[in-house]
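Below you'll find the structure, written out as structure tokens, and then a few comments.
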Amino acid sequence: SDVLTLSDVTKTYNLGTPAAVEVLRGVDLSIARGEVVALVAPSGAGKSTLLHIAGLLDTPDSGQVLLNGRDMTGLGDRARTTARRAELGFVYQFHHLLPEFSAAENIILPQLANGVGQRAAAARAADLLGRVGLSHRADHRPAELSGGEQQRVAFCRALANQPALLLADEPTGNLDPETSDKVFEVLMALVRETGLSALIATHNHQLAARMDRVIGLGG
Ligand code: ADP
Ligand code: ADP
């Protein structure tokens with residue numbers, strides 16, 4: 001069964017005004033359980049818009065968004081927020097870690113917010129940090145970590161609540177090419193080990209070629 005299905009999704013910014021910009025027209029996309037899909041398109045093609053719609057952060061003008069077979073299109077803000085917290089993980093180009101908390105705490109806090117107990121949350125954070133090779137950095141704050149390490153912690157945070165789908169927007173785009181390749185390896189290993197499905201936007205065709213399927217936008 002599919003984790004995510006977009007059917008005939010349309011999005012225009014400033015709809016009905018002279019400034020209207022049609023970004024998505026009739027987009028169809030399905031992601032199967034355990035599948036890792038690369039989204040490769042030029043800047044401005046609508047990758048972030050598509051990720052925002054898939055991530056229930058924005059709504060399409062028309063078309064359908066199904067998450068685990070459930071129609072998200074008609075849901076109100078609260079129900080969408082609940083579904084987002086329970087089923088989706090996000091990674092961005094910048095890590096967005098909380099600067100005053102340690103690496104482990106950054107992975108623990110979203111679990112506490114989701115109703116997980118302190119002890120189980122700490123155990124999961126330790127397990128995730130181990131998987132990305134950062135057990136020795138658990139008590140460090142983000143400013144004490146390298147760019148690649150910060151991004152690896154952000155991956156752990158995205159997976160903290162065991163989402164069904166990971167949405168990533170240029171997850172290694174801020175790193176130098178060598179670090180980017182290494183950190184991307186870590187992300188792919190983490191996704192494969194946990195059987196996670198993922199939609200990953202990237203400009204990097206070499207990284208995209210290592211995923212299960214590559215899709216484009218526009219044209
Ligand atoms: P990408 O992620 O592929 O670079 P985006 O989804 O960010 O593309 O943007 C696609 C197009 O939509 C661009 O032309 C951008 O300027 C426009 N756009 C994005 N967000 C908005 C917005 N909030 N209001 C108006 N136009 C927007
Ligand atoms: P990289 O070469 O991987 O970008 P850096 O040269 O930035 O890494 O850092 C090397 C090591 O030093 C990393 O393991 C990082 O955690 C640690 N480190 C970097 N900056 C600080 C800091 N401000 N305080 C403590 N440790 C740091």
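Go through Leu98, Leu112 for me and flag whichever is open to solvent by 50 Å² or more (accessible area, probe 1.4 Å), in contact with an Asp or Glu (Cβ under 8 Å, 6 or more places away or on another chain) and modelled with pLDDT of 95 or more.
Matching residue, one of Leu98, Leu112: Leu98.
Leu207: at pLDDT 90 or above, buried (at least 20 other Cβ atoms within 10 Å of the Cβ) and outside any loop (DSSP other than H, G, I, E, B), yes or no?
Judged against the criteria, Leu207 is not a match.
When the residues of the stretch 1-54 are narrowed to those that are assigned to a strand (DSSP E or B) and among the small types (Gly, Ala, Ser), which ends up least open to solvent (accessible area, probe 1.4 Å)?
From the stretch 1-54, those assigned to a strand (DSSP E or B) are 2-13, 21-32, 36-39; that's our starting set.
Then keep just the ones that are among the small types (Gly, Ala, Ser); that gives 7, 26, 30, 32, 38.
Numbers: Ser7: 39, Gly26: 32, Ser30: 47, Ala32: 36, Ala38: 0 Å².
Ranking the qualifying residues of the stretch 1-54, first place goes to Ala38.
Please specify each residue of the stretch 138-154 satisfying the condition of being near ligand 2 (Cβ under 6 Å from one of its atoms) and either modelled with pLDDT under 95 or closer than 11 Å to Phe94 by Cα (or both).
Once the filter is applied, which keeps residues that are near ligand 2 (Cβ under 6 Å from one of its atoms) and either modelled with pLDDT under 95 or closer than 11 Å to Phe94 by Cα (or both), the stretch 138-154 yields Gly147, Gly148.
So if I check each of Gly195, Gly173, which one is open to solvent by 10 Å² or more (accessible area, probe 1.4 Å), away from ligand 1 (no atom under 16 Å from the Cβ), within 16 Å of the chain's Cα centre (by Cα) and in contact (Cβ under 8 Å) with a residue 60 or more places away in the chain?
Gly195
Mind checking whether some residue in the stretch 52-65 is within 18 Å of Leu165 (Cα to Cα), in contact with a Pro (Cβ under 6 Å, 6 or more places away or on another chain) and at pLDDT 95 or above?
Looking for residues that are within 18 Å of Leu165 (Cα to Cα), in contact with a Pro (Cβ under 6 Å, 6 or more places away or on another chain) and at pLDDT 95 or above, one finds at least one in the stretch 52-65, hence yes.
The values are calculated or read from the model by the stated rules, or taken from the named source; none is laboratory data. What you are looking at is a predicted structure, and each value in this text was computed from that prediction instead of being measured. Ideal geometry is used to build each Cβ from the backbone, glycine not excepted, and the neighbour counts take in all protein chains shown. Just so you know, the surface numbers come from the protein's heavy atoms only, side chains and all, with ligands and any DNA or RNA stripped out. Shrake-Rupley method; radii C 1.70, N 1.55, O 1.52, S 1.80 Å.
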